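*Asks:* Structure below; questions to follow.
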Amino acid sequence: MKKVNLFIFLAAILLIVSGCGDSDNANGKSETIKLKIADSLPTTNYLSSEGTVFFMERVEELTDGKVEFEHYPAEQIGKANSYLDLTLSKTIDIGYTSYSTDRLPLTEVATLPGAYSSAEEGSKIIWQLMKDYLTEEEYLKNGVRPLYAVALPQYQYVTAKKPIKSMKDIKGTKARVTGTMELGFDALGASPVFMPATEAYTAMERGTVDGVTFPFTSFEAYQIESIANYSTKGANLGSFTVVYSINEDVYKSLPEDVKEALAQAGDETVEHLSKFLDKKNEELAEKFASEIEIYELNDEESAEWDQALEPVWDRWAEDLEKRGFKAKETVQKYREIQESLQ
């Protein structure tokens with residue numbers, strides 16, 4: 001009998017506790033939503049402090065703390081090229097998918113040489129292209145949704161032993177590249193070596209490459225200024241697009257107000273980070289001029305380089321068309337958006 005009474009007593013307690021929980025929900029209280037976000041960026045990188053961190057803080061502010069993030073920077077979870085898979089497996093909820101060009105190649109249209117003149121311009125174009133076209137055409141087909149995309153300032157060629165003052169100087173060199181710059185350097189007679197930014201310093205130090213491609217805003221994050229002696233300025237060799245994507249199933253499970261907060265924070269991050277990068281890029285170019293020799297191309301030289309690299313666009317599109325990607329349509333839409341924003 002005592003055992004029966006004890007069972008009834010415990011059951012009653014359980015019902016009371018359950019009722020309290022339902023009451024909390026009925027009064028509008030909700031549990032905190034925690035999202036795991038991971039990338040390969042060191043926290044000293046402006047793309048982290050003014051991009052990732054800015055985005056997370058805005059989402060938390062816009063949701064009044066309803067959303068909290070667990071941030072894993074600097075390859076704490078996975079290598080740079082693993083974040084799409086980690087996002088798809090739900091090991092993380094949001095990943096830095098910029099290095100997943102094998103499955104998300106159309107995004108690289110903004111990385112082609114001469115695609116834009118400033119980070120702000122490039123970011124406006126690529127983010128609008130994401131919304132109008134690439135989200136459906138590329139990302140959702142791969143189970144993820146882009147949250148924001150920012151185009152970096154144009155990359156320069158940074159070398160240790162040989163100054164680069166003309167396209168002829170590039171010929172025969174081994175260059176660390178990323179994205180479509182591989183095609184550009186190949187067209188200029190160099191030997192491009194594709195590798196993530198995290199490996200650039202070591203490759204340059206060991207002489208695996210003669211130079212690396214980076215915007216000035218990424219020098220300090222990867223200690224490039226400590227090993228480089230020369231750099232170009234005004235050479236629109238191409239660039240890189242920072243993209244963070246969320247697992248689509250995770251996204252669908254979120255309340256509407258959180259989805260709206262993610263969208264607003266994404267838009268604000270694109271604007272904030274791109275403007276910051278443009279300003280910082282010029283400041284750092286001046287700073288590094290006292291440490292390394294910077295050769296600045298004049299307008300005539302820049303136009304000459306752009307013209308020489310123009311065939312890269314067609315080659316990029318043709319290569320992807322053979323693989324079944326709508327690259328030509330992507331280029332057309334990119335240029336339409338670019339023209340509409342002028």
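*Asks:* For segment 218-315, what does the accessible surface come to per residue with a 1.4 Å probe? Please give it in Å². Show your work: numbers first, answer last.
*Replies:* On the way: 4530 Å² over 98 residues.
I get 46 Å² per residue for segment 218-315.
*Asks:* Now, a different point. What distance in nm separates the simple spin-label points at Asp299 and Lys174, each placed 7 Å from Cα in the Cβ direction?
*Replies:* 4.0 nm
*Asks:* A 18 angstrom limit on the alpha carbon distance is what I want to check against. Which of Lys131/Lys259; Lys124/Lys322; Lys79/Lys131; Lys233/Lys279; Lys36/Lys66 exceed it? Don't jump to the answer; show the numbers that get you there.
*Replies:* Details: Lys131/Lys259 15 Å; Lys124/Lys322 29 Å; Lys79/Lys131 27 Å; Lys233/Lys279 15 Å; Lys36/Lys66 14 Å.
Violating the 18 Å Cα-Cα cut-off are Lys124/Lys322; Lys79/Lys131.
*Asks:* Moving on to the next point. In debye, nearest 20, what is the charge dipole magnitude of segment 19-176 about its Cα centre with +1 on Lys and Arg Cβ and -1 on Asp and Glu Cβ, if you could check? Numbers along the way, then the final one.
*Replies:* Working: 19 positive and 23 negative charges, 246 e Å.
Roughly 1180 debye for segment 19-176.
*Asks:* Long-range amide H contacts for Val193: which residues qualify at under 5 Å (H placed 1.01 Å from N, peptide plane, sequence gap of 5 or more or a different chain)?
*Replies:* Ala175, Arg176, Val177
*Asks:* For the chain, find the longest principal axis of its Cα atoms and tell me its angle to the long axis of helix 119-129, 0 to 90°, nearest 10.
*Replies:* With both axes taken from Cα atoms, the answer is about 60 degrees.
*Asks:* Using alpha-carbon positions, what is the distance between the centroids of segment 269-339 and segment 184-214, in Å?
*Replies:* Cα centroid of segment 269-339 versus Cα centroid of segment 184-214: 18 Å apart.
*Asks:* Let me ask another. What is the spread of the Cα atoms of segment 125-221 along each of their three principal axes, largest first, in whole Å?
*Replies:* Principal extents (Cα only, largest first): 45, 27, 21 Å.
*Asks:* Also: Nearest 10 degrees is fine. How inclined is helix 299-309 to the longest principal axis of the chain, computing both from alpha carbons?
*Replies:* 70 degrees
*Asks:* In the neighborhood of Val258, defined by Cβ-to-Cβ distances under 14 Å, what is the net charge if each Lys or Arg adds +1 and each Asp or Glu adds -1?
*Replies:* Numbers: positive: Lys34, Arg58, Lys66, Arg145, Lys252, Lys259; negative: Glu31, Glu60, Glu61, Asp64, Glu68, Asp93, Glu256, Asp257, Glu260.
After counting each charged neighbour, the total is -3.
*Asks:* Give me log10 I(q)/I(0) at q = 0.17, 0.20, 0.22 Å⁻¹ for segment 188-316, Debye formula, one equal scatterer per alpha-carbon, no solvent.
*Replies:* So the normalised log intensities work out to -1.07, -1.27, -1.39.
*Asks:* Could you pull out which residues in segment 306-335 have an amide N less than 19 Å from a spot 7 Å beyond the Cα of Glu136, following the Cα-Cβ vector?
*Replies:* 325-335
*Asks:* While we're here: Considering only the other residues whose Cβ falls under 13 Å of the Cβ of Ala119, what net charge follows from Lys and Arg at +1 and Asp and Glu at -1?
*Replies:* Details: positive: Lys124, Lys275, Lys279, Lys280; negative: Glu50, Glu120, Glu121, Glu271, Asp278, Glu282.
Within the 13 Å Cβ shell, the charges total -2.
*Asks:* Given a 1.4 Å probe, how much area per residue of segment 24-174 is accessible, in Å²?
*Replies:* Working: 6150 Å² over 151 residues.
Per residue, segment 24-174 has an accessible area of 41 Å².
*Asks:* Can you list the residues of segment 63-86 with backbone N under 14 Å from a point 7 Å past the Cα of Thr198, pointing along Cα to Cβ?
*Replies:* Under cut-off, by backbone N: 72-86.
*Asks:* So if I place +1 on the C-beta of Lys and Arg and -1 on the C-beta of Asp and Glu, and nothing else carries charge, what would the dipole magnitude of the chain be about its Cα centre? I want it in debye, nearest 20.
*Replies:* Roughly 1260 debye, rounded to the nearest 20.
*Asks:* If you roll a 1.4 angstrom probe over the protein chains with everything in place, what fraction of the accessible area of the chain belongs to carbon and sulfur, to the nearest %? Please list the in-between numbers first.
*Replies:* Numbers: 7810 of 16190 Å².
Carbon and sulfur atoms account for 48 percent of the accessible area of the chain.
*Asks:* Mind putting together the pair-distance distribution for segment 25-152? All Cα pairs, 5 Å bins, whole percent per bin, short to long.
*Replies:* 2, 10, 17, 20, 21, 16, 7, 3, 2, 1, 0, 0
*Asks:* Let me ask something additional. What 222 nm value per residue comes from the helices of the chain, counting each DSSP H run with n ≥ 4 as -39,500 (n - 2.57) and dividing by all residues, nearest 500 deg cm²/dmol?
*Replies:* Details: 12 runs with 146 residues, N = 342.
Rounded to the nearest 500, it is -13500 deg cm²/dmol.
The values are calculated or read from the model by the stated rules, or taken from the named source; none is laboratory data. Treat the numbers as computed from the prediction; the structure is a model and nothing was measured. With ideal geometry, Cβ positions are generated from the backbone for all residues, glycine too; neighbour counts draw on all protein chains shown. Note: areas computed on protein heavy atoms with side chains; ligands, DNA, RNA excluded. Shrake-Rupley method; radii C 1.70, N 1.55, O 1.52, S 1.80 Å.
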